1. Accessible area per residue for segment 109-205 in Å², computed with a 1.4 Å probe and the full protein assembly in place, what is it?
2. Please calculate how many Å² of accessible area segment 467-508 carries per residue, with a 1.4 Å probe and no DNA, RNA or ligand atoms counted.
3. Based on DSSP H runs of at least 4 residues, each adding -39500 (n - 2.57), what is the mean residue ellipticity at 222 nm of the chain after dividing by all its residues, to the nearest 500 deg cm²/dmol?
4. Using only alpha carbons, build the gyration tensor for segment 121-260 and give me the equivalent ellipsoid semi-axes, biggest first, whole Å.
5. Normalising by the residue count of segment 1-118, find the relative contact order in percent from Cα pairs under 8 Å and 6+ residues apart.
6. Have a look at the DSSP beta bridges in the chain and tell me what percent are antiparallel, nearest 5.
7. Sorted by packing (mean other beta-carbon atoms within 10 Å per residue), highest first, where do 690-698, 566-574, 496-504 land?
8. Give 523/582; 51/283; 48/272; 582/644 a once-over and call out the pairs whose C-alpha atoms are over 26 Å from each other.
Amino acid sequence: MQYGYFDDAAKEYVITRADTPLPWINYLGSDGFFSLISNTCGGYSFYKDAKLRRITRFRYNNVPHDEGGRCFYVCDGDTVWSPAFLPAKTALDFYRCRHGLGYSVFEGNKNGVAASLTVTVPMHTDMEVQKLVLKNESGAEKKLTVYGVSEWCLWNAVDDSTNFQRNWNIGEVEIEGGTVYHKTEYRERRNHYAFYSVNAPIDGFDTDRDTFLGRFRGWSEPQAVENRTSFMSVAAGWAPIAALRLSLTLAPGESKTLLFRLGYVENPEDRKFESLNIINKEKAHAMLAAFDTEAQFDAALDALKTYWTSLLSRFTVQSSEEKLDRMVNIWNQYQCMVTFNMSRSASYYESGTGRGMGFRDSCQDLLGFVHLIPERARERIIDIASIQFADGSTYHQYQPLTKRGNADVGSGFNDDPLWLIACTCAYIRETGDFSILDEPTPFNNEAGTEVPLMEHLRRSLRYTVEHRGPHGLPLIGRADWNDCLNLNCFSRTPGESFQTCSNFKSGKAESVFIAGMFVKYGKEYAALCDRIGLSEEATDVRASVEEIEQATLKFGWDGEWFRRAYDAFERPIGSRENDEGKIFIEPQGFCVMAGIGGPEYGRRALASTEALLGNEFGIEVLHPCYTEYHDYLGEISSYPPGYKENGSVFCHNNPWITLAYCTVKDGNGAFGLYKRNAPAYIEDKSEIHRTEPYCYSQTIAGRDAKTYGEAKNAWLTGTAAWSFVAVSQGILGIRPDYNGLIVDPCLPDTMDGYRLSRLFRGTRYDVTVRRGEQKGLIVNGKPVPGNTVPLTDAPVCTVERTI
Ligand code: BGC
Ligand code: NOJ
């Protein structure tokens, strides 16, 4: 069943009913000011950091879910309704939500009044702008009372929801015409404030939430709205809000437009105030003036659309597979941008308060993002590398606002360092910018410790080589990619965090997955060394790769698939010797991609993967699921069977299998898997899948779950980047390389070819792939040996590839 449809021409997903199984959200903003917005207009905004600079409030565990956030009320006679259905919950005569790239539009009609609410964060602006158009489609005059409301968060989202003995005393606002300024803590150490404003004269306001709502009432029925009035409350502590009230008279056929603006301002320390405790509003005034008219708003929205069209034009495909095209050309790339911006911080599942930017997460997100805005990718790589320690290990996370490593989570995730090689190599292959390797980059952000980035990569590898266990395989540390396989944790304390609990130093638990990573990225590093004239180092690294490859063949191969690990007692995990958890997906993906054991082992590992882990939504993470808690395994066995790391389809690593299929040149296998969980392909199962049909979710409950097929944790998942890599570089086979663009498709029998346009190093490559007798590559009309299109200075290059 579907709750909407894709409008590819508009690059929108159109939701046709408000009661989607879960809130279906969108992201606004691209740099400093960000908003989450659901299909009923809920959500919240923050500046750069969803924990430390939360602008509006959101209650994750609220019932009903997703109420509050942005509230609009239209009062028409006895009826009060909201253009996006919530919070008023009045049944609408017509409802539609169109989520586009960086904007959302809500259309709601009631009793002859049509509302259209467009919400976006214009580029280069620290402000969300909400354009509300109300049109009288009835035959009689309409006198409407309209409210727009925001509830302020007192900046630090954790403190805001915990430290009430202080917080209920500190809320402060200023009111100036149709603008409410939120200035809690500005009187002391903060130099930032927020504002909510409308571009028309207001009839009244409220800034104290409880006065506006009234006792025993929620957002669906504020007292002020019921009375069609405002109490002109001025917040003093408690919960400050901005509730703006306007009256509109609309003749039949007439429409009026209002612009509501939610902004964030920072002032220099010496220019905070205009007079005693009165904030300096100069910047806010300028921002409001820049978005005071409909024409200004429309121009900004057009600019945003043009921006996205040009960004996405860097990679577009036309094939016989409409759904593949839709994912590749629009939604997968869009999600890559969102994961790049957010890492795992703020979604409807990630509260924005728990995790900052993850080291491995951000490195992997870059793989799907480097082709979009390489300059931002470069900056990100340096930020990430700067939290690494001198011994090559690294903090696991950092806060985006401070860019400092997060000491609460600490280090010890032994896969982390290797991902830095993955993203740096991907960046250089995309851009040819070897200068990044010379970029002075500190350890642990300490001034004076800067070394060239290349040295960070070198230490990443060395860390793995120097931390190996009894079988010569890399030590797993706290955990590798699978955060929940905690082999040194042995936690028996209820509620203790598996991520941060003290670890037993077994010196024994080893990861076959990290071995696969080392072989894959060690080879990439050696190739990089060759490019920059470090041939001796390349030879040394290849020797280490060979060692670990041999150890993997000897101790990591189980007979029909790759084992997962060795535990702290040197027992195999992910082996037919185990009763549960006999096979895991991760080493099948990485060891096959790394070429360990060649195509022969690859094909066998994939056949086992499909036979034991395959379901209709993809490949499950392990099988059989753990049915009991085991302290020597950790969090993985804490989940009920079929959920999360204990046997769901953990989408992130499915594209590894797709790529593994491509490694052994099995196009049917690759595409067969791709289709099983690519959102557009399962749109018609939305009542089972439940999360948004236009983005990947982290996890889809497995066969053993009570809710088989149900997805959770939409949006912020490494699935976005890896799926884009799998489809673009694996199935379509377009791979940037140091000296050219590789065109090496791995198509299923059902696809005869495709046309593709790819911007690469300043040249637009127009690629046509087709099947035919005369296999080969033709570049600008001339045959070229191999499958690499050489670099060129020409603006356009025509490529024909026959397969
Ligand atoms: C989740 C993992 C996540 C980890 C770290 C666990 O509870 O299952 O997916 O990576 O927490 O936050
Ligand atoms: C989510 C985390 O963000 C990611 O880093 C981890 O690899 C997966 N969960 C698997 O546990």
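The values are calculated or read from the model by the stated rules, or taken from the named source; none is laboratory data. Because the structure is predicted, anything quoted here is derived from the model rather than measured. Note that we place each Cβ from the backbone using ideal geometry, even for glycine, and neighbour counts take in every protein chain shown. To get the accessible areas, we keep the full protein, side chains included, count just its heavy atoms, and leave off ligands, DNA and RNA. Shrake-Rupley method; radii C 1.70, N 1.55, O 1.52, S 1.80 Å.
1. On the way: 3350 Å² over 97 residues.
So segment 109-205 comes to 35 Å² accessible per residue, rounded to a whole number.
2. Numbers: 1800 Å² over 42 residues.
Accessible surface, normalised per residue, equals 43 Å².
3. -8000 deg cm²/dmol
4. The answer is 30, 18, 12 Å, longest axis first.
5. It rounds to 22 percent for segment 1-118.
6. Antiparallel bridges: around 95 percent, rounded to the nearest 5.
7. Averaged packing, sorted descending, gives the order 690-698, 566-574, 496-504.
8. Violating the 26 Å Cα-Cα cut-off are 523/582.
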